[in-house]
Amino acid sequence: MFNSSITNHYTTFCSVQNLKKIRNFVEKSLLKSNINIRDTEMIVLAVDEVCSNSIIHSNSQNPNSFIDIFLKLKKGEVFVEIKDKGKEFDYNAYQEPSISQLIKEKAKGKMGLMMVRNIMDKMEYIHEKDLNIFRLVKKVEAGF
Amino acid sequence: MIISTLKENIFYIISIDGDLDASSALQLDTAIKQALELNEKSIVINCKKLNYVSSSGLGVFISYLAEFEKDNIYFALLHVKDKILNTLNILGLTKLLHIIEKLPNV
């Protein structure tokens, strides 16, 4: 059984040095709620990918900018919301590359959102009131 | 994350200790670049103490695959934990990266 519905919030400034703290926050919150380790590890990775993109691309690692992560567990689903006030992401222009294309281009990036889409059951992005908002949802199982 | 290198027989071994994410991927990139500058032909990444990898770390591996193939360079990941394999499997990278449990006999 899951622990009762949780809502956790973590905020930090936009530095890649804070990614580990973000991962620790997500991991501790989910494991405390009795979500199984495999699902927890996958959600930690998805959150890390979105936060990395936001910190590096939307906020250019500006230490005066902040990123907020909200986690909620409800009826066997984990809801994640990640917000920042950085540059708007042109989600409509995003085209998922193939791995063979990345190998050919010798690309070091472009795999983050592919990972998120494969891990989570739902991912959406909106830009609202100067905020970038990523919403992720994943069905999870209890137990270890 | 700490990176250390070691030459064992023909193998240039790059060991990773810690988390390979957007904050540390550049260190790995530098280590691989250095191996290529040294004209190493057998590069092995020792993942025994690799606790976590994100797409930033995987991107470093991917970005060198074409060069490894072109220059006939042996490249493998050694001692990969299940947690890391799960991450590689998300995008099917276990089919593209050579994963080994021990160094090959030479």
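The values are calculated or read from the model by the stated rules, or taken from the named source; none is laboratory data. Keep in mind that this is a model prediction, so the values were computed, not measured. In this analysis, Cβ positions are derived from the backbone assuming ideal geometry, glycine residues included, and neighbour counts consider all displayed protein chains. Surface accessibility is based on the protein's heavy atoms, side chains included, excluding ligands, DNA and RNA. Shrake-Rupley method; radii C 1.70, N 1.55, O 1.52, S 1.80 Å.
For the reader, a short list of remarks on this structure follows.
- Residue within region A:108-123 that is at pLDDT 95 or above, open to solvent by 50 Å² or more (accessible area, probe 1.4 Å), of a type outside the set (F, W, Y) and farther than 18 Å from B:S54 by Cα present: yes
- Residue list for region B:75-106, filter: among the β-branched types (V, I, T) and under 17 Å from A:I103 (Cα atoms): B:I90, B:T94
- Subset of region B:92-102 (residues that are away from every other protein chain (no Cβ under 11 Å), under 25 Å from A:I119 (Cα atoms) and either assigned to a helix (DSSP H, G or I) or open to solvent by 80 Å² or more (accessible area, probe 1.4 Å) (or both)): B:T94, B:H98
- Remark: A:S54 falls outside the filter, which requires a residue to be among the small types (G, A, S) and open to solvent by 60 Å² or more (accessible area, probe 1.4 Å).
- Residue in region B:48-62 that is surrounded by fewer than 20 Cβ atoms within 10 Å (Cβ to Cβ) and among the aromatic types (F, W, Y) present: no
- A single member of B:N72, B:N89 is surrounded by fewer than 15 Cβ atoms within 10 Å (Cβ to Cβ) and either within 11 Å of chain A (Cβ to nearest Cβ) or free of Cβ contacts under 8 Å to residues at least 24 places away in the same chain (or both), and it is B:N89.
- From A:Y91, A:Y10, residue being under 14 Å from the mean Cα position of the chain (by Cα) and among the aromatic types (F, W, Y): A:Y10
- Hits in region B:18-44 (condition: within 14 Å of chain A (Cβ to nearest Cβ) and open to solvent by 60 Å² or more (accessible area, probe 1.4 Å)): B:L26, B:Q27, B:T30, B:K33
- Yes/no for B:N105 being on the phi > 0 side of the Ramachandran plot, assigned to a loop (DSSP other than H, G, I, E, B), over 11 Å from the mean Cα position of the chain (by Cα) and of a type in the set (S, T, N, Q): no
- Exclusive hit being in a loop (DSSP other than H, G, I, E, B) and either at pLDDT 95 or above or among the basic types (K, R) (or both), set B:V44, B:V80: B:V80
- Candidate set: region A:1-20, residues that are of a type in the set (A, V, I, L, M) and either modelled with pLDDT of 95 or more or open to solvent by less than 10 Å² (accessible area, probe 1.4 Å) (or both); chosen: the one nearest to A:K138 (Cα to Cα): A:L19
- Applying the criterion of being acidic (D, E) and open to solvent by 90 Å² or more (accessible area, probe 1.4 Å) to the residues of region A:87-103, the residue that is farthest from A:N59 (Cα to Cα) is A:D90.
- Only a single item in (1) open to solvent by less than 40 Å² (accessible area, probe 1.4 Å); (2) closer than 18 Å to A:E141 by Cα is not met by A:R23, and it is number (2).
- Counting only helices (runs of 4 or more DSSP H) that sit wholly inside region A:18-108, those with at least 2 residues that are in contact (Cβ under 8 Å) with a residue 60 or more places away in the chain and within 11 Å of chain B (Cβ to nearest Cβ) are A:37-53.
- Being in a strand (DSSP E or B) and either in contact with a Phe, Trp or Tyr (Cβ under 8 Å, 6 or more places away or on another chain) or modelled with pLDDT of 95 or more (or both) is true of B:Y52.
- Filtered by the rule that a residue be more than 7 Å from chain B (Cβ to nearest Cβ) and outside any helix (DSSP H, G or I), region A:109-128 gives A:K110, A:M120, A:D121, A:K122, A:M123, A:E124, A:Y125, A:I126, A:H127, A:E128.
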